[in-house]
C-alpha cells in the first residue's frame, strides 16, 4: 500500500544480530521526522515473529544472521503473505546474493557501507511501493534483467511524450507521486494520469516492470 497521503510515521523494524548495529540504525531512523523504529530482532526467526506481531511497514533486515538467514526470513515472510516491505542490509556485493533476495521477494538491497542518507531514502522508496538497489550494485541489477523476456521494449506505435518520459524516469528512480508532482510543478492527479497513460502505452503492469523498462533504457546507470 502506498503511503503518499498517510500523515503518520513509517513504522520500521530492525533485524540484526549485532546490538550496536541496531542501536546505530535506530538512532538514524528515529532522527527522521517521518519514521520510527517500532521493534527489533536479533535473528531471522525472531524477526518473522516480531513482524507478525507488530505489523511494521518496512523490515530492515541483515542478510547474515543466526537461526534464519535474511534470505530464509524473506522467503518465510512472503510465503506467509505478510505485506511488510523487506529492505536487506548487507556487506555482500556479489550478484548471487542480490539475485536470490530479489527472487525471494525483497523490495530493496543496501550495502552496509552506504551513506546514512542512502538507507533512509531506501526505506522511503520501498515503503512507497518502489524497488531500491544500492547504486554500487546498479550494474549487477542491469545484468539480472538484461535478458528478461518481460516488458522493457517499447511497443511499436506507442511513443511517449516528453512529460510522460520525465514521469517514467522519476518513477523508476524511486520517487513517489507527490514528489514527482513537486519536481515537475504539476498536481498529483496529473502525475497519476501520466503514469496510467505511459503504463498503458508500454504495457507495464507494476512498479517492477517500470524499473525493468528503465534498466533496458540505461537510465538507472546514470
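Only the coordinates and a few stated rules stand behind these numbers; no lab work does. Just so we're clear, the structure is a prediction, and the values are computed from it rather than from any experiment. Positions of Cβ are backbone-derived with ideal geometry, glycine not excepted, and every protein chain shown enters the neighbour counts.
Summary of computed values
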item	result
Relative pair counts by distance (%), Cα atoms of the range 91-138, 10 Å bins	27, 60, 13
Spin-label model distance (nm) - residue 32 vs residue 163, 7 Å beyond Cα toward Cβ	3.1
The chain - percent relative contact order, Cα under 8 Å, separation 6 or more	16
Kirkwood Rh and Cα Rg combined as Rg over Rh, evaluated for the range 155-206	0.95
For the range 21-81: span of alpha carbons on each principal axis (Å, largest first)	32, 22, 14
Using alpha-carbon coordinates, inclination of helix 70-79 to the longest axis of the chain, degrees	70
The chain: calculated mean residue ellipticity at 222 nm from DSSP helix runs of at least 4, using -39500 (n - 2.57)	-14500 deg cm²/dmol
Burial ranking of peptide ranges 197-204, 30-37 (average Cβ count within 10 Å, highest at the top)	197-204, 30-37
Per residue Cα convex hull volume in Å³ - calculated over the range 10-144	90
Acute angle (nearest 10 degrees) that the helix 207-217 long axis makes with the longest principal axis of the chain, alpha-carbon atoms	60
